[in-house]
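To start, the structure under review is shown below, and the notes come after it.
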Amino acid sequence: AYKVTAIFSISCMILGVLFMAMMAFVLSKKDLAGKSVMSFYLYFTMLFGGGLVPSYILITQYLHLGDSIWVYILPGLISPWYVFMMRTFFTGIPYEITESAILDGASEYRIFFSMILPLSKPVLATVALFTFLGKWNDWNTSMLYINDAKLFSLQYMLQRILKNIELLQLDTTNLNL
């Protein structure tokens with residue numbers, strides 16, 4: 001269980017931080033067409049979720065992610081809150097730095113990977129830590145989508161142990177009455 005938990009926590013942290021940073025970098029551009037529409041779409045998903053039943057149907061019936069390691073990674077890859085936090089940090093980086101790279105002929109990818117990411121280590125470390133801890137402590141995903149015991153997360157196994165102990169204690173108190 002700990003191997004599965006470590007694998008999906010680390011991979012989700014790395015992929016999530018990369019994708020969220022790319023999205024935040026694009027949204028931090030001042031001259032981006034449709035920036036307010038994309039920001040509203042992200043903000044709207046923070047306010048209103050689809051609900052448990054529609055997300056369960058989507059993940060199991062349409063995406064066929066049940067009983068796979070991908071159910072831990074893909075659905076929670078991007079968090080709008082962290083995207084907005086990174087976007088705010090990226091807008092604080094002076095435009096003159098990226099402008100000088102543009103004048104030198106650097107592409108957007110080069111600017112992002114060579115200039116923006118090294119300057120953004122504090123926000124990247126913060127988001128990476130919170131993403132890792134959130135995935136490490138996730139036991140709900142195992143409960144809902146995983147039937148194969150080899151894919152159970154460590155936290156779900158601990159949750160089951162605690163519930164079994166609680167049930168045994170309840171049974172012993174009922175026998176003593």
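Just check region 60-131 against the gyration tensor rule for me: Cα atoms, a ≥ b ≥ c as the square roots of the eigenvalues, rounded for a/c under 1.5, and otherwise prolate or oblate depending on whether a/b exceeds b/c.
Judged from the Cα gyration tensor, region 60-131 comes out prolate (a/c at least 1.5, a/b above b/c).
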Given the DSSP H assignment, sum -39500 (n - 2.57) over each helix run of at least 4 residues in the chain and divide by its residue total; what's the result at 222 nm in deg cm²/dmol, nearest 500?
-21000 deg cm²/dmol
What whole number of Å gives the distance from the Cα centroid of region 26-67 to the Cα centroid of region 133-177?
30 Å
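On the protein heavy atoms, probe 1.4 angstrom, tell me the percent of accessible surface of region 56-118 carried by carbon and sulfur.
The value for region 56-118 is 62 percent carbon and sulfur by accessible area.
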Assuming a strict under-28 Å limit between Cα atoms, what lysine pair count do you get for the chain once near-sequence pairs (fewer than 8 apart, same chain) are dropped?
11
Looks like region 8-49, by Cα gyration tensor root eigenvalues a ≥ b ≥ c and the a/c under 1.5 rounded cutoff (else prolate when a/b is bigger than b/c, oblate otherwise), is oblate
Quick check for you: with a 1.4 Å probe and neighbouring chains kept, what is the accessible area per residue of region 9-143, in Å²?
61 Å²
Ranking Y156, Y95 from most to least accessible area with a 1.4 Å probe gives Y95, Y156
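The values are calculated or read from the model by the stated rules, or taken from the named source; none is laboratory data. The structure presented is a predicted model; accordingly, all values stated were derived computationally and were not measured. When the accessible area is computed, the model is the full protein with side chains, heavy atoms only, and any ligands, DNA or RNA have been set aside. Shrake-Rupley method; radii C 1.70, N 1.55, O 1.52, S 1.80 Å.
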